[in-house]
Amino acid sequence: MDSLDAQILLALDDEPDATALALAARLGIARNTLSARLQRMQRSGVLREFTRRVDPAVLGHGLTAFVSIALSQTDSAHAMRTLRGIPEVVEMHSTTGEADLLVKVVARDTADLHRITGRILDAPGVVRTSTAISLCEEMPLRIRALIEEAAKG
C-alpha cells in the first residue's frame, strides 16, 4: 500500500457514501485511477467486507466474551472448521502460550453465552476452554491511526 492508497482509504472512512467522482475530486486524481486502485485493494483483501462495520449489539448480541481454547493437536483443523460454523464466533486467532486459540464471541446474555461455550466445548478437537466476559469496550478496533501514518508516505 502506498501513500495514495492510504489517502483513498481515509477519504472513504470520512465519507463512505461519497461517489467515486466526488472522492477523486477531493483527492485530486482521475476517477479511473481511483476505481482501479479500489478494485486492486478489494481483490487483494485490503478492503474487507462492509459487515465488519455493523455493531453486533444492534442485532441483539450486546455481550462480548473472549474464549481461550486448548485444542487437540491431532484434530485442530476439524475444531476450527466447526468453530467457524458457529455464527456467534466473530473472530478467531491462533495464539502462543497456554491456549491454542483466542476466540471472540458475541451473545444475547450470559445464558446465551453459556449455550455458545457449550457448543464450543462440543466441537471435536476442543480439549478445554476459559471464558472472560468483556465488561465494556474501552477502545474499539481502530485502524485509522495506522492508515494516517501510511498516508504520510
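Could you grab the pairs with beta carbons closer than 6 Å, sequence gap of 6+ or different chains, first residue in region 80-102 and within 16 Å of ALA123 (Cβ to Cβ), second one in a loop (DSSP other than H, G, I, E, B)? Taking only residues 6 or more apart or on different chains, the pairs are THR82/ALA123; LEU83/ALA123; LEU102/THR95. When ALA132, ALA111 are checked against the criterion of being in a helix (DSSP H, G or I), open to solvent by 50 Å² or more (accessible area, probe 1.4 Å), among the small types (Gly, Ala, Ser) and farther than 30 Å from ILE8 by Cβ, ALA111 stands alone in meeting it. Evaluate the following for SER72: is it of a type in the set (Gly, Ala, Ser), more than 24 Å from the chain's Cα centre (by Cα), under 30 Å from HIS114 (Cβ atoms) and open to solvent by less than 80 Å² (accessible area, probe 1.4 Å)? Spelling it out, SER72 is indeed of a type in the set (Gly, Ala, Ser), more than 24 Å from the chain's Cα centre (by Cα), under 30 Å from HIS114 (Cβ atoms) and open to solvent by less than 80 Å² (accessible area, probe 1.4 Å).
Could you tell me whether any residue of region 32-40 is more than 20 Å from the chain's Cα centre (by Cα), more than 24 Å from HIS114 (Cα to Cα) and hydrophobic (A, V, I, L, M, F, W, C)? Checking region 32-40: at least one residue is more than 20 Å from the chain's Cα centre (by Cα), more than 24 Å from HIS114 (Cα to Cα) and hydrophobic (A, V, I, L, M, F, W, C). For region 1-31, which residues satisfy the criterion of being of a type outside the set (A, V, I, L, M), open to solvent by 50 Å² or more (accessible area, probe 1.4 Å) and either closer than 18 Å to ALA151 by Cα or not in a helix (DSSP H, G or I) (or both)? Within region 1-31, ASP2, GLN7, ASP13, ASP14, GLU15, PRO16, ASP17, THR19, ARG26, GLY28 meet the criteria. Of everything listed in (1) surrounded by 16 or more Cβ atoms within 10 Å (Cβ to Cβ); (2) within 18 Å of the chain's Cα centre (by Cα); (3) in contact (Cβ under 8 Å) with a residue 40 or more places away in the chain; (4) closer than 30 Å to LEU12 by Cβ, the single unmet condition for GLU137 is (1). Consider region 38-59 and keep the residues that are open to solvent by less than 50 Å² (accessible area, probe 1.4 Å) and out of contact with any strand residue (DSSP E or B) (no Cβ under 9 Å at 6 or more places or on another chain). The one that is modelled with the lowest pLDDT is GLY45. Here the condition is being open to solvent by less than 40 Å² (accessible area, probe 1.4 Å), in contact with a strand residue (DSSP E or B) (Cβ under 9 Å, 6 or more places away or on another chain), aliphatic (A, V, I, L, M) and not in a strand (DSSP E or B); of LEU34, LEU121, LEU83, it holds for LEU83 alone.
Considering only residues in region 140-153 that are open to solvent by less than 80 Å² (accessible area, probe 1.4 Å) and without any contact (Cβ under 8 Å) to a residue 12 or more places away in the chain, the one that is nearest to ARG81 (Cα to Cα) turns out to be PRO140. Of all residues in region 55-79, those satisfying the criterion of being part of a strand (DSSP E or B), farther than 11 Å from PRO124 by Cα and among the hydrophobic types (A, V, I, L, M, F, W, C) are LEU63, ALA65, PHE66, VAL67, ILE69, ALA70.
If you check VAL127, VAL90, VAL103 for being touching a His at 6+ places or on another chain (Cβ under 9 Å), at negative phi and open to solvent by 50 Å² or more (accessible area, probe 1.4 Å), only one passes: VAL90.
The values are calculated or read from the model by the stated rules, or taken from the named source; none is laboratory data. Quantities reported herein were computed from a predicted structural model and do not represent experimental measurements. In this analysis, Cβ positions are derived from the backbone assuming ideal geometry, glycine residues included, and neighbour counts consider all displayed protein chains. Surface areas here come from the heavy atoms of the whole protein model, side chains and all, with no ligands, DNA or RNA. Shrake-Rupley method; radii C 1.70, N 1.55, O 1.52, S 1.80 Å.
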